[in-house]
1. Looking at region 25-47, which of the residues that are in a helix (DSSP H, G or I) and surrounded by fewer than 19 Cβ atoms within 10 Å (Cβ to Cβ) is nearest to ligand 1 (Cβ to nearest atom)?
2. So G618 fits all but one of (1) exposed (fewer than 15 other Cβ atoms within 10 Å of the Cβ); (2) among the small types (G, A, S); (3) in a helix (DSSP H, G or I); what number is the exception?
3. Enumerate the strands (runs of 3 or more DSSP E) found wholly within region 376-482, keeping only those where 1 or more residues are of a type in the set (G, A, S) and not assigned by TED's automatic domain parsing to the domain that holds Q340.
4. If K536 satisfies all but one of (1) within 21 Å of N275 (Cβ to Cβ); (2) within 16 Å of ligand 1 (Cβ to nearest atom), what's the number of the condition it fails?
5. Return yes or no: is E277 within 16 Å of ligand 2 (Cβ to nearest atom), acidic (D, E) and either surrounded by 18 or more Cβ atoms within 10 Å (Cβ to Cβ) or outside the structural domain of L133 (by TED's automatic domain parsing) (or both)?
6. With L443, L461, L467 as the choices, which residue is out of contact with any Cys (no Cβ under 6 Å at 6 or more places or on another chain), buried (at least 20 other Cβ atoms within 10 Å of the Cβ) and of a type in the set (A, V, I, L, M, F, W, C)?
7. Of these, N107, N89, which one is at pLDDT below 95, in contact with a strand residue (DSSP E or B) (Cβ under 9 Å, 6 or more places away or on another chain), at positive phi and in the same structural domain as V168 (by TED's automatic domain parsing)?
8. Scan region 673-703 residue by residue and report those that are surrounded by fewer than 12 Cβ atoms within 10 Å (Cβ to Cβ) and outside any helix (DSSP H, G or I).
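The values are calculated or read from the model by the stated rules, or taken from the named source; none is laboratory data. In this text, all values refer to a predicted model and were calculated from it rather than measured experimentally. FYI the Cβ positions are ideal-geometry reconstructions off the backbone, even for glycines, and counts take in every protein chain you see.
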Amino acid sequence: MTSELLHAKLKENFGFEKFRPNQETIITTIFSGRDTLAIMPTGGGKSICFQLPALLLPGITIVISPLIALMKDQVDSLKTNGIAACYINSSQSAEEQQFYIDNLKSNNFKLVYIAPESLSYLDNIFNQLTISLIAIDEAHCISSWGHDFRPAYTNLGYLKNRFPSTPVLALTATADKATRVDIANQLNLKNPKIFVASFDRKNLSLEVRPALDRVKQIIDFVENKPNESGIIYCLSRKTTEELAEKLSNKGILAKAYHAGLDNKVRSKTQDEFINDECQVVCATIAFGMGIDKSNVRWVIHYNLPKNIEGYYQEIGRAGRDGLPAETVLFESYADVIQLQKFASEGLNSDVQLAKLDRMKQYADALSCRRKILLSYFGELVTENCGNCDICNNPPTFFDGTVLAQKALSAITRLQESEPLAVIVDFLRGSRNAYIYEKNYQTLKTYGIGADISWYDWNQYLIQLINLGYCEIAFHQHNKILLTPFAKKVLFGNEKVKLTTVVKKVIDKNEIKQEKAKTTKNSLFEILRKLRYEISKDEEVPAYVIFSDAALRQMESLKPTNDKEFLAIDGVGKAKLEKYGSEFIDAIAYYEKVKKANKTKVKKESNTYKTTLELFKNGYSIEEIAGKRNLGQTTIISHLAKLYIDGEDIDLSQFVSDEEVKQLHNAQIELEYPTALKPYFDYFEEKISYDKIRIGLAIVERNK
Ligand code: ADP
Ligand code: ZN
């Protein structure tokens, strides 16, 4: 099998120009007849590794998969690419299953997906089939050491015994060394070739934020991305519901998803999310396993995850199409406390606590986060990634010895009996009921840190905990205790290095710009809508038709004929035939309208010029309007536009400096309205529309 032929098949059937790392070598190994174990991260492109060989091999490829929802997705995807595939699982009636089994016998399919529980149906017809390849997806489910053990998987070892000369390909996204060996043994793989792809997903940005005000932070975040699908993982069912409600109240299409909800409700939410009808899903970890949605643009962790494995798998659900995707983790001390409690009470508590600790270290990191993640998975990275919050905003250190002394002596004065929040109140000299009840206001050091904000003190104390000078007594109401190291700071000469607290402020202007990028009329949005309509007709998820990445390429390359359309990544022969003309037409129509608009703009610019000349020659607004047979408001808006565009005209006769100032303030307070009416109402109709129009033009140009 030559590389040229494999590339040609990849393009023809899947529309891709290049293989992702390891795909080609895995495929070549399969063709050599050898068993293979492929370990690739979520979104790494595992499916191609068996789908492409399936097309070229003479017989049928059996794909074992535990995820029923995913089977349908993958089969739909293959069908839109013109590839004959089917699935057999318990979601079908007995007749349906029989129908597919009969058709398998007549060699009508290249691939059949089957759940391990349903494999026995095939047993009877095994000797009537030519089986060329057996692919076992989510292979870690066979190992009781992994985290997704499925009893039905344990029987799969018989496949290799039954078909000793058929190559087996086992695939998984999670496997440490021990699990790897276990998978190979239990599946009876013969001298398997093992591929471990890099777990780096460069297109995922990594960010950790303190959890203060997190609902507001999340609302700002989502409002900034009007059409982008995202998942918010929460620790408790209650939080998923409350958060979904808060987002819904802001007009965001958001739903909760957790194991306590009715099956029907859950699968409806999942379908809506897959079909781009529900933008945000607030979910417990159960969500996302069985879906293959390639255009999840962001993942937020509302709570700290229990361990890095889970965290990495969850953020991995973003950006499978390879386009940039964002991930944000909110870190709160309350979460750490709760998770510590869970872990210490559960099975295997030592291991769980150690894993939680690694998670916390990641969240508190002061160096490139990706390096930390990848080193957890055993990959050594020497370069900083440039796509995490630490790389983008490296922490700055300062001598925090005096701050540390203040905090540690406050803890001493409070006799190591109070939690973090009380210590901060004490340091800041708060006059709340609790402080007075305890008479803390009379103690020495009360209020010695009044010049530092509540938020900052919180962060400094957390840093001191991380540095090991104090610790939280989880089993004693979370009071803060000093460690022996505190003495060195209080009574010795130990210097303490702290990092400056940076609070992420959201710039409203930035939001406006982001929103402008995703306007309804952009070509991307038009293509997205077309994709959605087709997906409804064909009853498949939108991303099965084309990925976001393919639409983005269409937006920038603007193909006008079949040949150019075929050059888009993700367009193969079948998709060109099925959808090519519709998309090419939509792009051509968009270009036509754009051109017509340009001509209109040109005409308009002439009309501005005429107004400008008359105004410069000393005519009044009324006179110009009369001469040009236009309304006075139109002339005023011409002048406003001319001024914004930099024309040298004096507008002081229309509006005073004071009024301009007031308008500017109103603009900020009203959060940049696009219409004039809000201003008119704001000034209780005391400033005329003409003044507002001209005044805002001056504000705009002064920016
Ligand atoms: P995994 O099963 O490893 O999570 P998938 O097989 O679902 O990953 O692939 C993830 C996404 O990447 C899919 O949208 C798929 O179409 C796309 N993809 C796979 N291989 C390639 C490739 N060689 N070029 C471009 N996109 C690819
Ligand atoms: Zn980094």
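1. T25
2. Condition not satisfied by G618: (3).
3. In region 376-482, 470-473 are the strands (runs of 3 or more DSSP E) which contain 1 or more residues that are of a type in the set (G, A, S) and not assigned by TED's automatic domain parsing to the domain that holds Q340.
4. Checking K536 against (1) within 21 Å of N275 (Cβ to Cβ); (2) within 16 Å of ligand 1 (Cβ to nearest atom), the one that fails is (2).
5. Values: within 16 Å of ligand 2 (Cβ to nearest atom): no; acidic (D, E): yes; either surrounded by 18 or more Cβ atoms within 10 Å (Cβ to Cβ) or outside the structural domain of L133 (by TED's automatic domain parsing) (or both): yes.
Criteria not met by E277.
6. Details: L443 fails: buried (at least 20 other Cβ atoms within 10 Å of the Cβ); L467 fails: buried (at least 20 other Cβ atoms within 10 Å of the Cβ).
Unique residue meeting the criteria: L461.
7. Numbers: N89 fails: at positive phi.
Just one listed residue meets the conditions, N107.
8. T674, A675, E684, E685, K686, K703
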